[in-house]
Amino acid sequence: MSLLIGALTIGLILSLLALGMFISFKIYNFADITAEGSITLGASIAAALIVSGMNPLSATLIAMAGGFVAGTLTGIIHTKFNINGLLAGILMMTALYSVNLHIMGKSNLPLMSQQTLISLAGDIGFIPDNDTAVLLVILAFVALTGVALHLFFRTNLGTAMRATGNNPQMIRALGVNTGLMITLGLGMANALIALSGAILAQYQGFADVQMGIGMMVWGLASVIIGEAIIGGGSVGMLIIGSIMGSVIFRLLVAVALRLGMNPNDLKLITALFVFIALVLPYITKKMKKRGVEVK
Amino acid sequence: MIEISNIKKVFNPGTPNEVLALDDVSCTIETGSFVILLGTNGSGKSTLLNAVAGTFFPDSGTIKLNGTDITNMQEHQRAKYIGRVFQNPCSGTAPDMSIAENLALAVRRGAKRGLGAALNRGDMEEFRKKVKSLNMGLEERLANPIGKLSGGQRQALTLLMSTWIKPDLLLLDEHTAALDPKTANKVIQLTESIVNKDKLTTMMVTHSMQQAVNLGDRILMLHNGKIVYDIKGADKRVIKASDLLAMFDDIRKKEQIDPSASDMLRENYI
């Protein structure tokens with residue numbers, strides 16, 4: 001039972017990462033590898049500030065702001081200096097590695113007895129079991145975040161952002177600065193990803209400079225699983241899908257590890273999975289073109 | 001009024017692919033005038049349109065719109081004054097977004113976009129009314145993604161969108177070239193009614209002699225990045241497609257284009 005609750009909780013925490021990847025990958029078609037640096041950035045800022053005695057809520061908000069700045073910088077490198085998006089992300093990710101080490105002062109920063117958002121959530125009075133309380137609080141928070149994102153993408157600014165990803169030529173002709181939209185969107189995405197990192201650090205009780213490795217593909221996998229379950233559709237549905245995708249993916253991994261999968265193979269399998277998910281639509285399309293029946 | 005003065009543009013300078021796309025082009029277009037840009041492929045007509053739209057910055061020269069120098073304005077900044085319809089029906093609309101959302105994007109052309117809801121009830125009523133005027137039955141499909149519509153329907157909607165806020169200048173870049181003849185006709189009729197209704201200052205690139213004869217009050221014929229004929233007033237009213245073809249022939253003789261190009265002209269224009 002506690003294994004299940006743990007997997008669900010981590011799945012939900014990482015669904016914030018999935019939502020960030022959803023923004024960069026689905027809204028902007030931008031494979032933003034900044035994620036690997038910004039999730040660690042969020043974790044290290046939150047951990048360092050909490051250790052220094054700051055209250056965990058402020059520490060988490062500052063971590064989020066840090067992610068926003070990181071994403072914005074990737075956006076500026078990409079749009080103002082015309083550097084390929086993937087390369088812009090790699091530059092930022094690499095730079096963040098040093099930044100994260102500086103923030104923590106060492107490669108691993110444990111949170112010992114400090115009060116965290118997780119310990120606060122666990123102490124909620126009316127739910128007796130600590131782990132269940134944490135799970136429910138995070139579930140509520142993620143749901144709220146999803147609703148907020150959904151509403152945001154229906155505002156004038158939000159629709160302009162979506163149009164920027166969908167048809168930049170058109171939206172420029174309607175007076176929107178597409179470079180600014182991309183920069184702002186990447187800022188938002190990485191703020192969510194840093195938030196995910198900040199909460200993850202508080203949940204697992206430490207921040208580690210290596211914790212971001214493979215996280216981008218993890219987020220992509222969640223988004224792709226979610227899309228497959230929901231079957232495409234509106235932005236709102238895709239948001240729900242990304243959250244569900246993250247939880248389901250985490251559960252699958254937990255089950256696989258339980259069944260004896262070598263943890264070292266985890267990232268290899270994740271990468272293979274995303275690869276297959278990415279080429280599958282292309283292959284089925286090709287087969288359809290050749291007139292082969294595809295069920 | 002648009003004042004284009006001594007616009008020059010060289011693409012790929014210093015390479016074997018160097019092209020003098022616009023060679024010291026100057027012209028003044030009066031407010032309310034509907035100008036047709038004609039010319040062979042590579043004559044510079046679309047380049048001139050894109051220079052006005054701000055897709056690229058000219059090497060030299062200035063462009064003024066109603067007295068404001070827009071030469072160094074970014075594309076999205078001039079969009080406040082300029083409505084555009086592209087050759088490719090896919091270019092003017094966001095395919096994955098609904099018809100209503102696309103219209104909502106157009107309603108705020110050049111305006112600030114904040115955190116207000118993009119779709120509100122009042123707007124929806126107006127969307128339905130205007131879309132209904134297209135007589136395409138799209139008013140019942142406002143929530144559908146625009147990418148599912150035909151090229152003609154998308155082009156009609158793009159026209160509606162580009163002129164929703166009355167633009168100081170409307171740029172039409174061969175906007176019927178990708179459509180079948182019947183649909184193209186419909187879109188041309190719609191263009192005429194929209195332009196006439198609001199007396200829009202319009203520049204339209206076309207390959208069709210018939211459109212050039214039937215529409216507008218002025219024809220600019222371009223060749224090798226220069227305006228070679230400027231037909232307006234009474235001359236424009238009486239001109240026939242055969243006259244335009246004769247002018248093309250004339251250009252051909254003067255410039256001695258190779259025979260294959262002249263064959264292509266015949267195919268395209270007769």
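Can B:Leu119 be described as surrounded by 15 or more Cβ atoms within 10 Å (Cβ to Cβ), more than 26 Å from the chain's Cα centre (by Cα), within 8 Å of chain A (Cβ to nearest Cβ) and at pLDDT below 95? So B:Leu119 fits the description; yes. Among the residues making up the range B:67-80, those that are away from chain A (no Cβ under 14 Å) and touching a strand residue (DSSP E or B) at 6+ places or on another chain (Cβ under 8 Å) are B:Asp69, B:Thr71.
When we screen A:Phe152, A:Phe126, A:Phe141, A:Phe206 for residues that are modelled with pLDDT under 95, surrounded by fewer than 19 Cβ atoms within 10 Å (Cβ to Cβ) and among the aromatic types (Phe, Trp, Tyr), the only hit is A:Phe126.
Scoring A:Asn166 on the criteria (1) buried (at least 21 other Cβ atoms within 10 Å of the Cβ); (2) away from chain B (no Cβ under 14 Å) leaves a single failure, condition (2). Being in a loop (DSSP other than H, G, I, E, B), within 14 Å of chain A (Cβ to nearest Cβ), β-branched (Val, Ile, Thr) and more than 13 Å from A:Ala160 (Cα to Cα), is that true of even one residue in the range B:40-59? Yes, the range B:40-59 contains at least one residue that is in a loop (DSSP other than H, G, I, E, B), within 14 Å of chain A (Cβ to nearest Cβ), β-branched (Val, Ile, Thr) and more than 13 Å from A:Ala160 (Cα to Cα). Of all residues in the range B:193-217, those satisfying the criterion of being more than 17 Å from B:Gly39 (Cα to Cα), of a type outside the set (D, E, K, R) and assigned to a loop (DSSP other than H, G, I, E, B) are B:Leu200, B:Thr201. Looking across the range A:11-40, the residues that are over 12 Å from the mean Cα position of the chain (by Cα) and assigned to a helix (DSSP H, G or I) come down to A:Lys26, A:Ile27.
Condition check ((1) within 30 Å of B:Val107 (Cβ to Cβ); (2) part of a helix (DSSP H, G or I); (3) more than 19 Å from the chain's Cα centre (by Cα)) across all residues:
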site: A:Gly175; (1), (2), (3): yes, no, yes
site: A:Leu180; (1), (2), (3): yes, yes, yes
site: A:Asn190; (1), (2), (3): no, yes, no
site: A:Ala194; (1), (2), (3): no, yes, no
site: A:Leu200; (1), (2), (3): no, yes, no
site: A:Ala221; (1), (2), (3): no, yes, no
site: A:Ile240; (1), (2), (3): yes, yes, no
site: A:Ser246; (1), (2), (3): no, yes, no
site: A:Lys267; (1), (2), (3): no, yes, no
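A:Ala7 meets all of the listed conditions (1) touching a Gly at 6+ places or on another chain (Cβ under 6 Å); (2) modelled with pLDDT under 95; (3) not charged (D, E, K, R) but one, namely (1).
Scanning the range A:173-201 for residues that are at the interface with chain B (Cβ under 7 Å from one of its Cβ atoms) and either within 22 Å of A:Ile243 (Cα to Cα) or surrounded by 24 or more Cβ atoms within 10 Å (Cβ to Cβ) (or both) yields a count of 4. The residue of the range A:122-159 that is nearest to A:Val235 (Cα to Cα), among those that are assigned to a helix (DSSP H, G or I), within 14 Å of chain B (Cβ to nearest Cβ) and of a type in the set (S, T, N, Q), is A:Thr159.
Among the residues making up the range B:163-194, those that are under 12 Å from the mean Cα position of the chain (by Cα) and over 19 Å from B:Asn135 (Cβ atoms) are B:Leu169, B:Leu170, B:Leu171, B:Leu172, B:Asp173, B:Glu174, B:Ala177. Here B:Arg141 passes the criteria (1) within 14 Å of chain A (Cβ to nearest Cβ); (2) surrounded by 17 or more Cβ atoms within 10 Å (Cβ to Cβ); (3) among the charged types (D, E, K, R); (4) closer than 19 Å to B:Phe127 by Cβ except the one numbered (1). When A:Ala59 is tested against (1) at pLDDT below 95; (2) buried (at least 21 other Cβ atoms within 10 Å of the Cβ), exactly one condition is not met: (1).
Of the residues making up the range B:81-113, those that are surrounded by fewer than 20 Cβ atoms within 10 Å (Cβ to Cβ), facing chain A (nearest Cβ under 7 Å) and within 16 Å of the chain's Cα centre (by Cα) number 1. None of A:Met64, A:Met93, A:Met112 is under 23 Å from A:Gln204 (Cα atoms) and assigned to a loop (DSSP other than H, G, I, E, B) except A:Met112.
Is it the case that A:Gly11 is crowded, with 24+ Cβ neighbours inside 10 Å, small (Gly, Ala, Ser) and under 25 Å from A:Gly236 (Cβ atoms)? Judged against the criteria, A:Gly11 is a match.
To keep it simple, each residue is scored yes or no on (1) free of Cβ contacts under 8 Å to residues at least 60 places away in the same chain; (2) assigned to a loop (DSSP other than H, G, I, E, B).
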position: B:Asn6; (1), (2): yes, no
position: B:Asp24; (1), (2): no, no
position: B:Leu37; (1), (2): no, no
position: B:Gly61; (1), (2): yes, no
position: B:Thr71; (1), (2): yes, yes
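The values are calculated or read from the model by the stated rules, or taken from the named source; none is laboratory data. No experiment lies behind these values; they were computed from the predicted model shown. Please note: Cβ atoms are built from the backbone with ideal geometry, for glycine as well, and neighbour counts cover all protein chains shown.
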